[in-house]
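What follows is a single structure, written as structure tokens, with notes after it.
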Amino acid sequence: MKRTAQEIAKEIKELVDQLASISSAGTSAGKSSVKVKPKAKKGASGALSILIEEEFFDTPKNLSTIMGRLKEIGRYYPKPSVSMNLLNLTRRRTLTRIPDNKTKKWLYVLRK
């Protein structure tokens with residue numbers, strides 16, 4: 001049984017109309033009643049966000065201190081991954097890094 005292009009187009013239009021009526025019946029005034037949570041960041045950047053929220057970076061911290069705190073909260077990441085995310089946060093102007101003259105390493109602190 002072959003169908004013509006007009007019959008197929010008519011069938012598709014009916015299906016689209018049904019979908020439109022179903023989707024508008026499920027929402028009120030075009031807005032969804034389901035609240036969407038913002039996605040939590042994953043990986044090392046998410047872990048650093050947790051540290052920022054708990055005000056860990058209020059005082060300058062070096063990379064080894066940051067790695068230790070991440071391990072305390074159960075987040076294990078390689079040092080290059082954490083340092084790259086710290087650099088990205090510095091570039092986004094969330095953190096500031098300060099050179100430590102004694103150890104010749106960087107200290108990271110929350111930008112205010």
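Quick note: the coordinates plus some simple rules give every number you see, no bench work behind them. Note that this is a predicted model, so its numbers are computed, not measured. Cβ: placed from backbone, ideal geometry, glycine included. Neighbour counts: every protein chain shown.
Side notes on the structure shown:
- Neighbourhood charge, 9 Å Cβ-Cβ cut-off, centred on L63 and excluding it, Lys, Arg +1 and Asp, Glu -1: +3
- Mean shadow area of the stretch 43-110, taken as a quarter of the surface of its Cα convex hull (nm²): 4.1
- Positive end of the dipole of the stretch 47-112 (Cβ unit charges, origin at the Cα centre): among P80, F57, L110, the Cα lying farthest that way belongs to P80.
- Placed amide H near L107: partners under 5 Å, 5+ positions off or other chain: I98, D100
- Database remark: amide H of L95 closer than 5 angstrom to the amide H of T90, R111 (H placed geometrically; neighbours at sequence offset of 5 or more, or on other chains; Pro and chain starts carry no H).
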